[in-house]
1. Being of a type in the set (Phe, Trp, Tyr) and more than 13 Å from the chain's Cα centre (by Cα) is the filter here; which residues of the range 78-116 pass it?
2. Just wondering, is there one or more residues in the range 65-77 that are more than 16 Å from the chain's Cα centre (by Cα) and either modelled with pLDDT under 95 or not small (Gly, Ala, Ser) (or both)?
3. Output the qualifying pairs, or none if there are none: Cβ atoms under 9 angstrom, residues six or more apart or on different chains, first residue in the range 24-45 and open to solvent by 50 Å² or more (accessible area, probe 1.4 Å), second residue in a helix (DSSP H, G or I) and β-branched (Val, Ile, Thr).
4. Considering only the range 50-87, how many residues are open to solvent by 40 Å² or more (accessible area, probe 1.4 Å), in contact with a helix residue (DSSP H, G or I) (Cβ under 8 Å, 6 or more places away or on another chain) and outside any helix (DSSP H, G or I)?
5. Hey, any hits in the range 105-112 for a residue that's touching a Pro at 6+ places or on another chain (Cβ under 7 Å), part of a helix (DSSP H, G or I) and modelled with pLDDT under 95?
6. Which residue pairs have Cβ atoms closer than 8 Å, lie 6 or more positions apart in sequence or on different chains, and pair a first residue in the range 115-127 that is open to solvent by less than 60 Å² (accessible area, probe 1.4 Å) with a second residue that is of a type in the set (Lys, Arg) and at pLDDT 95 or above?
7. All but one of (1) part of a helix (DSSP H, G or I); (2) open to solvent by less than 30 Å² (accessible area, probe 1.4 Å); (3) under 21 Å from ARG120 (Cα atoms) hold for ALA92; which doesn't?
8. Name the pairs whose Cβ atoms lie under 6 Å apart, with the first residue in the range 52-66 and over 13 Å from PRO107 (Cβ atoms) and free of Cβ contacts under 8 Å to residues at least 40 places away in the same chain, the second open to solvent by less than 70 Å² (accessible area, probe 1.4 Å) and assigned to a helix (DSSP H, G or I), and 6 or more positions between them or separate chains?
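The values are calculated or read from the model by the stated rules, or taken from the named source; none is laboratory data. Given the structure is predicted, the values throughout are model-derived calculations rather than measurements. Counting neighbours? That spans all protein chains shown, and the Cβs are built from the backbone with ideal geometry, glycine included. Only protein heavy atoms, including side chains, enter the accessible area calculation; ligands, DNA and RNA are left aside. Shrake-Rupley method; radii C 1.70, N 1.55, O 1.52, S 1.80 Å.
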Amino acid sequence: MDSGVLPRVDRHFPLYQRWLTERLATIEDPEHRLLLRHFATWHQMPRLRAKAEKGPLGRSQTNHTKQEVTRAGAFLAWLASRGRAIGQCQQADIDAWHTESLATRRPAQSFLRWCMKTGRMPRLTLPPAVITQDPSRRGTAEERRCPSP
């Protein structure tokens, strides 16, 4: 790679691929394993490749991608414990999943959006991102448009 004979490959990408293979091997349910493999192959890897073409992938980018797979797998197992497959997921399931701990549940949203977009589950509403601001600094809409002189 240094001499230009081989194309440059971001080292984090093959490390992610190896991690994914090992992670998927730990998933007992074959349908869950296949669904997560499709998610990684058709959603995550193209995004990682595009980012790698622009510059080196950082550890945080691949760690975030790993977290998405991990939380997606947790969601599938949790949903199965409620007696449902992904195609049977209901709004009450989405609400209950996110109620338990929104911060740790949020990484599964990329997977859930992908499932809805690809028709693997019904279109449901995901909770919005929580934006924390100091309400005393926000002011009214009028104050933001027309600040005092």
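1. TRP78, TRP97, listed by residue number.
2. No, the range 65-77 contains no residue that is more than 16 Å from the chain's Cα centre (by Cα) and either modelled with pLDDT under 95 or not small (Gly, Ala, Ser) (or both).
3. Once the first residue is open to solvent by 50 Å² or more (accessible area, probe 1.4 Å) and sits in the range 24-45, its partners that are in a helix (DSSP H, G or I) and β-branched (Val, Ile, Thr) give GLU31/ILE86.
4. Number satisfying all stated conditions: 4.
5. no
6. MET116/ARG123; LEU126/ARG113
7. (2)
8. none
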